[in-house]
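Enquirer: One structure follows; several queries about it will come next.
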Amino acid sequence: MRSVSESYTRWIQQLSAHPELRELYYRGIHDFNSLEGADLIGFSVLMLEAFRLNEEIYHQRSEGQFGPRLWRGFEVSFPELNAYPGVRAWSRTRSHWFSEEYAKHIDQLQQTAEPPRLYREAMKDE
């Protein structure tokens, strides 16, 4: 549990430490389909890392190995990340990379997602 939590913290720290990565992340979560070349690869790696971490958390939780205190933060934030159109577009093209159970979980999250608001309240046109 600690290892997964530390990995997720490192993922967040790399975004906060590198302005160019933050900018790519921002563009990608809003419009994955506009990314090309190195930007497409960079965003895909960021999403793969986030989704792999979340998949591990998901499976640990379902096996009773991930405590409720830490689970709460992931339970709330990951669905909000999945509300962004670029994240949904990325995951649709990569769902076969994950376990069938987890892919179904992500599909359910995305189908029931409210407007994106992980970083701010949704704008009227979002």
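Read-outs throughout are calculated quantities, based only on the coordinates presented, and are distinct from any laboratory measurement. Remember, predicted model here, so these are calculated numbers, not experimental data. Glycine gets a Cβ as well: all are built from the backbone with ideal geometry, and neighbour counts include every protein chain shown.
Enquirer: Kirkwood-based Rg over Rh for segment 1-50 (C-alpha set), two decimals?
Expert: Radius of gyration relative to Kirkwood radius: 1.02.
Enquirer: Within segment 35-78, list the GluC sites (Glu not before Pro) lying in a DSSP loop whose Cβ has at most 11 other Cβ atoms in a 10 Å radius.
Expert: Sparse-neighbourhood loop GluC sites (Glu not before Pro): Glu36, Glu63.
Enquirer: Follow-up. Taking amide hydrogens as modeled 1.01 Å from N in the peptide plane, which residues meet the under 5 Å criterion relative to Asp31, leaving out close sequence neighbours?
Expert: Residues meeting the criterion, in which the H sits 1.01 Å from N, are Gly86.
Enquirer: Measuring from centroid to centroid over Cα atoms, what is the spacing of segment 43-100 and segment 6-24 in Å?
Expert: 16 Å
Enquirer: Treating only the Cα positions of segment 2-111 as identical point scatterers, give the base-10 log of I(q)/I(0) from the Debye formula at each q in 0.09, 0.19, 0.20 Å⁻¹.
Expert: Here the Debye-derived log intensity ratios amount to -0.23, -1.02, -1.13.
Enquirer: Calculate I(q)/I(0) for segment 76-118 by the Debye formula, one identical point scatterer on each C-alpha and no solvent, and give its log10 at q = 0.17, 0.23, 0.25, 0.26 Å⁻¹ to two decimals.
Expert: -0.40, -0.71, -0.83, -0.88
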